[in-house]
1. Of the options S408, Q382, V367, report the single residue whose Cα projects farthest towards the positive end of the charge dipole of region 346-449 (beta-carbon charges: Lys, Arg +1; Asp, Glu -1).
2. Using +1 at the Cβ of each Lys and Arg and -1 at the Cβ of each Asp and Glu in the chain, identify which of V233, I179, L6 lies farthest towards the dipole's positive end.
3. With each run of n ≥ 4 DSSP H residues scored as -39500 (n - 2.57), what mean residue ellipticity at 222 nm is computed for the chain after dividing by its residue count and rounding to the nearest 500 deg cm²/dmol?
4. Span-like helices, the chain: DSSP H, alpha-carbon axial extent 27 Å or more, mean Kyte-Doolittle -0.5 or greater, which ones?
5. Evaluate the charge dipole of the chain about its Cα centre and quote only its size in Debye, nearest 20, assuming +1 on the Cβ of each Lys and Arg and -1 on the Cβ of each Asp and Glu.
6. Please work out the Cα convex hull volume for the chain and give it in Å³ per residue.
7. What list do you get for S408, S177, S68 if you sort them by fewest beta carbons within 10 Å?
8. Projected onto the charge dipole of the chain (+1 at Lys/Arg Cβ, -1 at Asp/Glu Cβ, origin at the Cα centre), which of G132, I352, F312 gives the Cα projection farthest towards the positive end?
Amino acid sequence: MVAFLLLILLGKLLFSWRFFPNLVYKKLKSNGFSGPQPNFPFGNLDDMKKQKKLDSSANLVISHDIHSTAFPFFAQWQKLHGKVFIYWLGTEPFLYIADPEFLKKMSADIKGKSWGKPNVFKLDRKPMFGNGLLMVEGEDWVRHRHAITPAFSPANLKAMASLMVDSATNMLDKWASLIDSGHHEINVESEIIGTAGEIIAKTSFGINYENGRKVFEKLRTVQITLFKSNRYVGVPFGKFLNPKQFLKAKKLGKEIDTLLRSIITDRSNKPRSGKPEQDLLGLLLAENTVEGRRKRTLTTKELVDECKTFFFGGHETTALALTWTLLLLAIHPEWQKELREEIKEVIGDGEIVDATKLGGLVKMGWVMNEVLRLYSPAPNVQRQARQDIQVDNLVIPNGTNIWIDVVSMHHDENLWGKDMNEFKPERFKDDIFGGCNHKMGFLPFGFGGRIDADDVALTM
Ligand code: HEM
């Protein structure tokens, strides 16, 4: 009996590590896609690590041409195999895409709910995202989006804006007093990450709750721990190559779930008087209840996963974008001047920021877009095909993992022209695509019906 069970297990493992990936690979190759030669069980991970090492030892000249520095392996493979090719993470083949026209054709007939997210990442990032919006698929994704979108109505965002202004003002006051007392060096990145985390903790679960702070700190640790343990994504038993980090992330993930569950239970049991609390959790709980009865739009487990997803999805992306903005403005004083004048004109000199006036900061919008283009906080977007996809006379088979290289497209001379690596916010004047000659060449918030939840809310 044991031998029989072992045989079945072995069969299953062989199917998922060898048979299925090779089947997808063969189909892709027979459709004309090529790519670097993989080896079992690491795929192309070794080549990727080697090239990273080589490049990090090279003398770095400061330049905005980040693709060849941050992703030297993709830059190298592009030269050999073009802008669409196959590479492997462990035993998982990925179709790499840095061609917006191919992307357009591939996504033309696929609705947001029909896209999958690679199973290999879902498993890997479970302690961070669970089955929240970023990972959920199909009808469940539609249900989650419907439950969450009202929480981002302009009225709710306005209420959250004052929490954001408070945290940002505290951070700036702290910087001012540090400078006054003779400290001339501030670690801007870690300061902004802390502030963005605080804002998300407040706007997601209400920082006033003592546990909210604990969740925030644990979530950050789990992220750092997972990053350390994630060097062998796609390799069979890859987690066990770094067992200490893997077990730590798993344990922390469980602790976070327990904490969030208790916050949710406390708040659901609290007698509600009048308006719901103006944080994401308060708004979702109010959505979940109709006249005192549970509507159960989202289960408690789903609420836990959404709180985690919003924390991760919301704080680091925003913090990175702001940090790069400050750096780019520091080296471009002419744009500091432009923005100061615009702020004085639209918001007023020394006035408290009124969220409804933010839309009037047009040049600020150009600067933010240019930062998102040059230093995209989400450098790539991943999908998994849940059906065969036809692109001209080629077929991407059901089950194929897809890797879209956003950084490559944002720095492509064919799309942006010779000045593609220069900071030029004015390229967004009168053109929301920044003069890119393909509408899918600028993708800071993703693509294909699953664009950023936050972005959708803002366009409501
Ligand atoms: C500069 C800021 C941000 C950038 C660049 C960014 C970028 C992205 C990208 C590229 C995706 C992936 C979309 C896809 O798979 O196609 C995404 C999804 C998502 N982001 Fe953001 N994001 C930002 C801010 C935020 C904030 C502030 C929040 C929450 C408060 C948030 C919540 C989410 C969620 C929930 C999703 C999943 C949406 C879905 O699949 O339905 N993001 N974001």
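FYI, it's all coordinate maths here, none of it is from the lab. This one's a predicted model, so the numbers in the text were calculated from it and none came from an experiment. Backbone-built Cβ (ideal geometry, glycine too); neighbour counts: all protein chains shown.
1. The one lying farthest along the dipole's positive direction is Q382.
2. L6
3. Values: 20 runs with 254 residues, N = 460.
Rounded to the nearest 500, it is -17500 deg cm²/dmol.
4. 154-180, 300-331
5. Details: 61 positive and 54 negative charges, 510 e Å.
Rounded to the nearest 20 debye, it is 2460 debye.
6. Working: hull volume 85.0 nm³, N = 460.
Cα-based convex hull of the chain, divided per residue, equals 185 Å³.
7. On the way: S408 22, S177 10, S68 15.
By the 10 Å Cβ count, ascending, the order reads S177, S68, S408.
8. Going by the charge dipole, the pick is G132.
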